[in-house]
Amino acid sequence: MNRKADQQKKKAEQQRTNLRPIGLGEHVLFKMPLRIFSTKRPCGRPTDRSESDLKTSVLWTLRSFRDTADVVNSGVWQVNPKPQTIANPIGSINLDVPEVPSNPAPGHIMLDQTNAHQVIAGGSYSSFMVLMSKNDYWHKFIVLDGAMKDGQHVMRLIMTASTPNNLIPVLYQQEGNNTFFLARNCSGAIEKLCYSMLLVADPQGELGSNITLQIVLGFTPVNSVKLNMQDNFSKTLQRRFEPLNRSLDLSEFHSDPQLAKIVYCPLSQPKTLYYILALAKKALSNILELNLSHNDIEDIKSLDLFSNSPLRILDLRYNQISDIDQLTSLQRVALVSLWLDRNPVCAKYGSENSYVKMVWLLGLLVSRRNHRNYMVRPSQNELVNDFIQHYFSLYDGDIRKKMQVVMLCRLQEYMTESRNLRKLSDYTKSYNLLQHGQDRILEALCKLPPTQHDVYSFTVDVPFQS
């Protein structure tokens, strides 16, 4: 009995030593409704978010935040004294790169400039076309003197020369002075390349320089190079997803340090973009932020996949969007922030006001970084500012009955008087709390608690004027 009591006493003392006061520079999280500090919310009213939604913690860094802590009695104590680990931190998921056989399979055919014309002239039943059409074989694309060129630049040019046919280069690597990649299900792309005699123009090279190709048809069976592309894409998406903020970073996706060793996957290709976004939406739940910057994207129709989704922030900077009408695919996406810097479309509008007006006409509601307010006529600024100052000075004042000349359009965040259908458990309140007439509206407003609004933090839009 004494031994058991000593063990329990020792365990209790060890647990107490794990609690220590938190010092300067460490993370202290108070379990307090954060929204009550907002200047736009009524003083003293509870938040509509649960306490668990507000609990967060960040990774430990020197002289920075550390662990999640709570208020315990009158002191502040550390809980779980070890850094938090994110479910899928960047770099924790590695991709396996399979080896490529060095020797071609029996029955292969080498295509070069001497016989490329036979692919065009031979017809659909020629030995070339039969072997090109086999879906159970990899074909080897050899880039002569490719070791002296940038691999992504080379593959981008070859894919462009193959458009609109499908070509997905995998396992790009060096072989002596040459480089090569594998591809399958690409008979249309091979045939089109043969029309140019396996020469691809290189604008960045010397005048008149070309990329010269050789293609080994039927290089190796599919089962000799085992690649599960969907699994590789899924792992890459998980690695680039930040679960705390539900943020997916697909910027420079074609240059992903691990995925690029396996497949060249530029999101500038519409079919590729659609596939990756569809896979991301299926594999990752409730994406709030999506970064598609630096991908040379021209067509964003695939973003229609996020219609009626939780997506709120979209970064499309440094792409090739040239027409504002392309943004119509975002009309059913409830964005809060849309970034379009460094797209050709931005050069078409001489001022921010003209750009925002066009966005409004497309039915999009997005935030602006520099000038928050938008007026369909700039002359309205003074009138709108005077109205807002006058209205909210009366609303925040002691005697709300002075507001008899002003009408309030909607009530927000006052749960006892709220008619928000998402919050109501008793739907009869949606009718009982509907106020008609100036007197009843003023009477309802006077029941609400005191408020203080910061009018300089408001975002005001006046898109139409009759």
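The values are calculated or read from the model by the stated rules, or taken from the named source; none is laboratory data. Everything numeric here is computed off the predicted structure, so don't read it as measured data. Don't worry about glycine lacking a Cβ; one is built from the backbone with ideal geometry, like all the others, and counts go over all protein chains shown. Areas reflect the complete protein model, heavy atoms only, side chains present, ligands, DNA and RNA absent. Shrake-Rupley method; radii C 1.70, N 1.55, O 1.52, S 1.80 Å.
These residues, Y318, Y137, go from largest to smallest accessible area, 1.4 Å probe, as Y318, Y137. Across region 202-249, counting alpha-carbon atoms alone, Rg and Dmax equal 19.5, 51 Å.
Report the convex hull volume per residue for region 95-192, counting only C-alpha atoms, in Å³.
122 Å³
Using Cβ point charges alone (K and R +1, D and E -1), the dipole size of region 174-318 about the Cα centre works out to roughly 620 debye. Length available on full extension from A347 to N177: 0.36 nm per residue minus the Cα-Cα distance, which gives 56.9 nm. Which whole-angstrom value gives the distance between the alpha carbon centres of region 312-327 and region 169-202? If we compute the Cα centre of each part, the gap is 31 Å. Only protein heavy atoms count here; on that basis, with a 1.4 Å probe, Y172 has an accessible area of about 50 Å². The figure for E191 is an accessible area of roughly 60 square angstrom, using a 1.4 Å probe on the protein chains alone. In this structure, the pairs whose alpha-carbon distance is over 25 Å, taken from K134/K226; K140/K192; K149/K226; K282/K423; K235/K271; K149/K348, are K149/K226; K282/K423; K149/K348. Per-peptide packing, taken as the mean over residues of other Cβ atoms within 10 Å, places 108-118, 446-456, 423-433 in the sequence 108-118, 446-456, 423-433 from highest down.
For R239, the accessible area of its heavy atoms, probed at 1.4 Å with every protein chain present, is near 10 square angstrom. Local charge for I120 was computed over the other residues whose Cβ lies under 13 Å away, with Lys and Arg +1 and Asp and Glu -1, and equals 0. Distance between the pseudo-spin-label points of S307 and R440 (7 Å out from Cα toward the beta carbon): 3.8 nm.
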